[in-house]
Amino acid sequence: RCKTCKMIIMNMDIIPIFFFAVISTGLVKGSCPSTCSCDDVSSGSRIFCQSKYLGSIPALPYDTYHLDLQFNNITAIDVQFCKEMPHLQNLYISYNLITEIPEITFADCGQLYR
């Protein structure tokens, strides 16, 4: 009947597959953790997760440059931490349950202010 209609329907079937592929390859920026509040600005994401009773650091957007994790129950920071957020400049982790941070933890944090 309607060849154009059939073509449009076929193309619409491809959209979810394309969207999944883009997300899987990391081309779409990560989202704000549901327990945090976030500001997206031209220079990246500012993440505010203070006083959220977090036991660990949640998955964060790749372009995070400001991260406030103060007043939580975080016990450790993964040594791969900065590889997941190479643009990180500001990190606030005081008032957590962290007792030791390995020396190499921030080795890949080239943008982090010291």
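Listed by first and then second residue, the pairs with beta-carbon distance under 7 Å, at least 6 apart or on different chains, first residue in region 31-43 and in a loop (DSSP other than H, G, I, E, B), second among the aromatic types (Phe, Trp, Tyr), are 36/48; 43/65. Of the residues making up region 93-105, those that are surrounded by 13 or more Cβ atoms within 10 Å (Cβ to Cβ) and either touching a Pro at 6+ places or on another chain (Cβ under 9 Å) or assigned to a loop (DSSP other than H, G, I, E, B) (or both) are 93, 95, 96, 98, 101. Quickly run through region 66-86 and pick out the residues that are crowded, with 18+ Cβ neighbours inside 10 Å and at pLDDT below 95. Hits for region 66-86 are 77, 81, 82, 85. Residue check, residue 113 against (1) over 22 Å from residue 31 (Cα atoms); (2) modelled with pLDDT of 95 or more, all met but one. Which one? Failed condition: (2).
Taking residue 108 as the residue in question, decide whether it is in contact with a helix residue (DSSP H, G or I) (Cβ under 6 Å, 6 or more places away or on another chain) and either among the polar types (S, T, N, Q) or open to solvent by 30 Å² or more (accessible area, probe 1.4 Å) (or both). Spelling it out, residue 108 is indeed in contact with a helix residue (DSSP H, G or I) (Cβ under 6 Å, 6 or more places away or on another chain) and either among the polar types (S, T, N, Q) or open to solvent by 30 Å² or more (accessible area, probe 1.4 Å) (or both).
The values are calculated or read from the model by the stated rules, or taken from the named source; none is laboratory data. The structure displayed is predicted, hence computed values, not measured ones. Cβ: placed from backbone, ideal geometry, glycine included. Neighbour counts: every protein chain shown. With ligands, DNA and RNA removed, areas are computed over all heavy atoms of the protein, side chains included. Shrake-Rupley method; radii C 1.70, N 1.55, O 1.52, S 1.80 Å.
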